[in-house]
1. Report, to the nearest 10°, how far helix 100-127 tilts away from the longest principal axis of the Cα atoms in the chain, using its own Cα long axis and a range of 0 to 90°.
2. Mind checking which of 116, 65, 95 has the largest fluctuation in a GNM of the chain, springs on alpha carbons under 10 Å?
3. What list do you get for 107, 40 if you sort them by fewest beta carbons within 10 Å?
4. Using a 7 Å offset from the Cα along the Cα-to-Cβ direction at both residue 99 and residue 28, what is the distance between the two label points in nm, to one decimal?
5. Provide the FRET efficiency to the nearest 0.05 for the residue 119-residue 53 pair, computing r from the beta carbons and using R0 = 22 Å.
6. Could you work out [θ]222 nm for the chain from helices alone, using -39500 (n - 2.57) per DSSP H run of at least four and dividing by all its residues? Round to the nearest 500 deg cm²/dmol.
7. Using only the Cα atoms, what convex hull volume per residue in Å³ does region 69-108 have?
8. Let me check against my output: what whole-number percent is the relative contact order of the chain, with C-alpha pairs under 8 Å and at least 6 apart?
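Every number here is computed from the coordinates shown, using simple stated rules; none is lab data. Because the structure is a prediction, the values reported are computed rather than measured. As a convention, Cβ positions derive from the backbone with ideal geometry for all residues, glycine included, and neighbour counts pool all protein chains shown.
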């Protein structure tokens with residue numbers, strides 16, 4: 001990213017491996033304010049969001065943004081149970097592994113979350129204008 005692109009980027013929302021369980025947030029790799037906002041929106045929608053750190057699994061696309069001091073969050077659905085099922089990057093890694101109810105709850109959550117972030121960014125831009 002160019003310096004201008006970095007300066008113009010408010011946040012990065014990374015969605016990875018959704019629908020295997022209820023939505024989770026990788027707390028150790030996510031901005032605290034973004035994580036708090038996700039939990040808040042989850043409470044409003046009655047969609048519980050828990051933290052599950054997955055350092056032992058790999059990395060996330062959000063890492064490069066965090067290195068550039070861009071607030072980032074990784075939303076996923078990995079749990080010990082889904083990891084032990086050996087779904088990722090195996091022949092089991094297909095559409096039938098998705099739990100549609102969990103995927104739909106995550107969809108609702110992420111949609112409302114992105115609207116919330118967009119409105120928050122818009123109100124910040126508006127309030128700082130003359």
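1. 10 degrees
2. The residue with the greatest mean-square fluctuation here is 95.
3. Starting with the residue having the fewest Cβ neighbours, the order is 40, 107.
4. With each label point 7 Å from Cα toward Cβ, the separation is 2.4 nm.
5. Working: r = 29 Å, r/R0 = 1.31.
Plugging the Cβ-Cβ distance into 1/(1 + (r/R0)^6) gives 0.15.
6. Helices in the chain give a 222 nm mean residue ellipticity of -13500 deg cm²/dmol.
7. 110 Å³
8. Values: 166 pairs, mean separation 49.5, N = 130.
38 percent.
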